[in-house]
Structure formats: structure tokens, C-alpha cells
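Here's the structure, in C-alpha cells; my notes come after.
The values are calculated or read from the model by the stated rules, or taken from the named source; none is laboratory data. This one's a predicted model, so the numbers in the text were calculated from it and none came from an experiment. Methodologically, a virtual Cβ is constructed for each residue, glycine included, from the backbone with ideal geometry; neighbour enumeration extends over all protein chains shown. These area figures cover heavy atoms from the full protein model, side chains too; ligands, DNA and RNA do not enter into them. Shrake-Rupley method; radii C 1.70, N 1.55, O 1.52, S 1.80 Å.
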Protein chains: 2
Amino acid sequence: MSYDKFEALKRRYLALRSVETVRVLRIQDEIVSEIRAFLKGEGFVEILAPIIGPVTDPGIRGAKQVSIDYYGARFKVMSSMILYKQMMIISLPKIFALSPNVRLEPLETVKTRRHLTEFRQIDLEVAYATYKDVMELGERMLCHVTTKIKRKCRRELKEQKRDLKVPRRPFKKYTYKEALEILENLGIHVKYGLEIPWGAEEALSKVHNEPFWVTDFPTTARCFYYMEHEDNSEILKDFDLIYPEGFGESISGGEREHRYAEVVERMRISGEDISEYGWYLDMLKAGVPPSAGFGIGVERLTRFICGLENIWDAVPFPKVAGVYSP
Amino acid sequence: MSYDKFEALKRRYLALRSVETVRVLRIQDEIVSEIRAFLKGEGFVEILAPIIGPVTDPGIRGAKQVSIDYYGARFKVMSSMILYKQMMIISLPKIFALSPNVRLEPLETVKTRRHLTEFRQIDLEVAYATYKDVMELGERMLCHVTTKIKRKCRRELKEQKRDLKVPRRPFKKYTYKEALEILENLGIHVKYGLEIPWGAEEALSKVHNEPFWVTDFPTTARCFYYMEHEDNSEILKDFDLIYPEGFGESISGGEREHRYAEVVERMRISGEDISEYGWYLDMLKAGVPPSAGFGIGVERLTRFICGLENIWDAVPFPKVAGVYSP
């Protein structure tokens, strides 16, 4: 693969002078402000997200975590703050953070136009909530932010030639199994039990003009921190929200498996090194409340709202796999 | 040194249940919200801060930067986003970010009660501003946030037994040289040309009951990115804001040296490896506007406002030098 088209990223200080970049960054500020306003209105407290730690989210679909030397111990840069969200709801029942995430994505992700190696999520968690509760919250959040941005950034969206629509609620919901059937009809075969690959997800996204949910992923496809259904341990109480028009994944989340013994068992089955999860397992042993939550990628939301072809136009300092940009 | 007293940090999920922790985190949310509201009112745009990059701030007073392997290249976790702020004002003249910072502080910093290895700053930069402009902004910002918190968190501050005062403007200003004279009178000798050590800074802070500025640090004490005075290249157009009552440093900032040749010369003198500053020097060669800005540590501001003995009580997931906490 040639990286020639990424030479511009290495000289980002030139692209930053463009009118479109300025416009997108102003819209992004409004997007983040409006999500904050919405969540504050829902009683959420914003907390400071962790940056590094002894352990981080392993459920990052083929990307590599970043290790650092922390006074002789191996720490990680956060790939997501999921484990810390479960800690935080001990203290505050509704929390969110603008969380920094680093994931060394495979080199081929530069072709997806929606993967960054450094990105931010609005990451939220609600104690004692079900996955259906936070899906409903996510729908209202997305409708709030699109409504507000349409109003506050009318001129900017026009200049972007972006005809942004406020989604209609409730959003369509497919189970993972139903999503695989739609894909099969599109001529794309995904083996039951695996993650939906990026290309298939994009194809699914392209045949929709409204955001939609995919729920109930198989236990084998996802991480130990999602709760299984009571009546079927092979599927999870989890979800992805997919943007329409080919923009792909928006939100990922679910209800949490918070029971010590069950988490250890799930880790064993998925082959996690249990000795690496020191504080997390100690915490579960001490007890945390059940909860549900999700993360929504800020750059992907910006890309969707602004109608951008490439994710790297949705962030001030873009980093994509294998490119040594600032 | 014994780390026994830091055992609690390793089991942070227990401390999070305390009423005081919940209270402090709620106040912290209000603090960050009020700073955001103030800066938005001043016309600032909030941007997404970088997390990693090929090069980061070297001016971190004896702390070590964190290196990572980024697709075969050596990248750093941001120690501060100063170099990126200079890039951003090409695009937007008034910007700020809640920026993540990691600095491996020397082990003895656990005694200062105000050093974390992972912290956040509200980091701002203003194109074409002087250092005096942003000092004035900093004073108004601190007065805004203390006024608002006194009003919105009256009950919480009372429970904290914190008698928070709104500072009187303008704040007292000492040059570095004057600060050294005050220290001399307190029986503390600091050699002219060096940074003011933490202990001396705390002593200076203890003999004040209002925040105060220290300006015009010697060029030898500070980093290449501060502008020298036109009439005296041995002192800088820079400043620290020091909290009263022993709380120590609040803000650090100044006017930027943005001229390519001058930056290269300063790097040579201070012994920086110029080859490591690829994109930054290329950017200066292409030209960036003059600017001034500062960073204010969110955890230190929280510690000051809440009147906390230890900085590690001012953050959800505290990390101090040498302690393997979550």
C-alpha cells in the first residue's frame, strides 16, 4: 500500500489553514458541547478520564494496545475506559467522560476511512440501567445533537453541502442474527459467531438512510464485560448503533457482566491472561453495581454530521495506522 | 520511602465510596464546566487534544516523558500539548482543550502532595496575544470560577470546611528576581538562573493569602518555546500563577517564540536534539502566528478550591510516582 495520499497528514499545519477544516472544527466544538448539555440535563456528572493504567480494554477488534514502562511495570495507554467506568459508578450513578483512546489499528484500516489510531469517545455508564435503557438514551442523545446542530450550524452545514436529517425514533433494531441475514441477501456471508467485518458493516450501513441498532451479538464475538442473556448464555445484552449512508459504526455498548466468578469464567474461555487484571478482578470481588453504558466516537460523529469522506478530516491532529503525522 | 500510605490508591474502588470523594468529584465537574463556560464566553473554541505524537513538551522539570512504539517509530505520550497549540492557532485564533498529560515524575514528588504522573490541563492559546493579555485572562478566569463555585457549591464547600475566597484583581506580580529576594528573606536561597524548587515555591505560596504571579523567568530556567524580552534576551515573557496558602503552582504560560531561526538557536543552547523536532520545526519554517497561552492543572485547581491536603484526592483515578494504582 502506498501512503502517498497521507503525506498531507504529515504536514497538517498546512491543511489547518483550509476553510473547511476551520468549519468542521467549529461544528465539532458545538457537537461536543451539545452532548455535554444533553447529558448534564439527564443528571450525568462529567469525570476526568484515565490516560494510562495497568490494564485496559482488550475488546478492540484486532487493534494492538500500546504498552509503556511505568516505573518498571508494564502499563497501557487506554484503549477504552470501560473497566474504569465500572469503578466510577460505585461513586456516582450516572457518569460520562471525554475519554482519550489509543489503538494501533492494522495497516489496512487506512482504507476504511473511519479508523484513527488516536481518538476520543463520549463514554458513559449508568448504574442499575439495562441495555435497553441506555439504547433509549443513545437515541435521544443523537436526536438532540442533530436537532441542535441543524439549528446552530445551519450555514456551516449548507457550506458543507450536508443535508443532515434528524433521525426518527425509535430507531430500527436488528439482532446480530437478523443483520447477518440482511448481509446474506446483499451477497455478503459472515460466519455466525464472528464480529461483523468493517466492509460488511459499511455495506449494511449503505442500505439504510436512518441510524439503526444491531443487538444481541454472540458471546464468542465480544468481550467478557458484556452480560449474557439469562435464558441464552450464547448471546449478549449488547449493541452497536450504525450510522446510515455508509458511515458505519457510531455507538458500541451494553449491559455489564459485573459478577466476579462469571467474569473469571468468561476470561478463561476467551483466553485472557487473568493475572493481568489485578485491580479489576479485586474490584469485582469487592462488588460493583450492575450497569449499562456505551461509548460514542467523537470523530465518527463529527464525520457523520459534517458528511465527510474521511475520518481524518474530523479531528485537528489526525493519526492513522502507519503514518508518522504530528 | 515507604509506600504503605499509598496502598489505598491501589484499592481506589474502596475510597470511591466515601462521601468526600463524591463531593469533590461533583465540585470538579462544576469547576471544569465553569471554565468552559467562561472561555466560550470569551470566544474560544474547544478542540480535541492530542494524546500521542512524534514529539512533546520537553520542559517538564525533571520528569521523564513516556515513549511508545508507534508502527516502528518512537512516539511520546503527551507531556503537554504546547507544540500542538501553536499549530492550532493557524486555524482558530482562540482555542482551548482539556488535554491529557503523562509525566513520569521523580519518586520524591510523592512528598509534594501536588504531583500526579497523569493529569489534565485546561490548555489555551491566543494568536497575536501578549503574555500580559493572557495573564489578565487568567485572573478573570480564576475569579469567575471561584465566584461561581462559591455560589453553586455553597453546601459542598461548607461540608469541606473550605472558606474559599474570590481573589482580588489585579493579582500581585513579582518578577522571578523579586521572588528570589522574598525567598532569601525567608531563609531560602535559590541560585539565580535555576527553576524555583517545589519546596521554595510552597514556602512562597504559604506567605500569601491571595494568588500571585511570578514573571520573567531567566532564559536558562525555561524551555525554548518562550519569547525573550526584546531588550534583554536573558529573561522571558513568561509567568507562573501561584496559589496562596501553600497550594503552590496553578498556571504556567507565556508568550511564544515562534521564529524558526530563534527556536533552533535556543534548542542548540539548551542541548535539545533538533532532529527529534521534525514536524514542529517544519511548521515554524512555514510560519505560525505569534501567540501567548497557558495551561491550568485541573486537579490542582480542584485541590485548591476544595482545600484538599493531597492532590490524589482531587481526581477519580489518581496516579503518583512509583505507585501501581489503577
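Taken over segment A:48-110, the alpha-carbon convex hull comes to 101 cubic angstrom per residue. Build a GNM of chain B with springs between Cα atoms under 10 Å: which of B:Ser67, B:Ser252, B:Ser291 gets the top mean-square fluctuation? Its mean-square fluctuation being the largest, the pick is B:Ser67.
Computing FRET efficiency as 1/(1 + (r/R0)^6) for A:Arg74 and A:Leu107, where r is the C-beta to C-beta distance and R0 is 22 Å, gives about 0.35.
Within segment A:39-96, antiparallel bridges make up roughly 80 percent of the DSSP beta bridges whose residues both belong there.
Take every DSSP beta bridge whose two residues both sit in the protein assembly as shown; close to 90 percent of them are antiparallel.
Any chance you could list P(r) for chain A, counting all Cα-Cα pairs in 10 angstrom bins from zero, rounded to whole %? Spelled out bin by bin, chain A gives 6, 25, 36, 25, 8, 0 percent. Here is how far apart the B:Ser33 label points are across copies: 1.6 nm, shortest first, using a point 7 Å from Cα toward Cβ. Think of the axis that spins chain A onto B; the A residue whose C-beta lies nearest it, and the distance in whole Å, is A:Pro100, 2. Within the assembled protein chains, the solvent-accessible surface assigned to A:Cys223 is about 20 Å², based on a 1.4 Å probe.
Net charge in the neighbourhood of B:Cys306 (other residues with Cβ under 15 Å of its Cβ; Lys, Arg +1, Asp, Glu -1) is +4. Between B:Ala261, B:Ala292, B:Ala127, the residue with the greatest mean-square fluctuation in the GNM of chain B (Cα pairs under 10 Å linked by springs) is B:Ala261. Inter-copy label distances for B:Lys5: 5.8 nm (label point placed 7 Å from Cα along Cα→Cβ; shortest first).
Taking the convex hull of the alpha carbon positions in segment A:13-166 and averaging its projected area over all directions gives 11.7 nm². In the assembly of identical copies, B:Pro290 has its label point, taken 7 Å from Cα in the direction of the beta carbon, separated from the corresponding points by 6.3 nm (ascending, one decimal).
Rounded to the nearest 0.05, what FRET efficiency do A:Val166 and B:Lys5 give with R0 = 60 Å and r taken as the Cβ-Cβ distance? Could you check?
0.65
Across B:Phe171, B:Phe247, B:Phe119, mean-square fluctuation computed from a Gaussian network of chain B (C-alpha pairs under 10 Å connected) peaks at B:Phe171.
Report the residues of segment A:84-105 in range of a label on A:Ala286: point 7 Å along Cα→C-beta, backbone N strictly under 18 Å from it. Flagged as within label range: A:84-93. Looking at segment B:50-100, which chymotrypsin sites (Phe, Trp or Tyr not before Pro) are in a loop (DSSP not H, G, I, E or B) and have at most 15 other Cβ atoms within 10 Å? Filter output for segment B:50-100: B:Tyr71. Out of the total accessible area of the protein assembly as shown (probe 1.4 Å, heavy atoms of protein only), what percent is carbon and sulfur? Accessible surface attributable to carbon and sulfur in the protein assembly as shown totals 50 percent.
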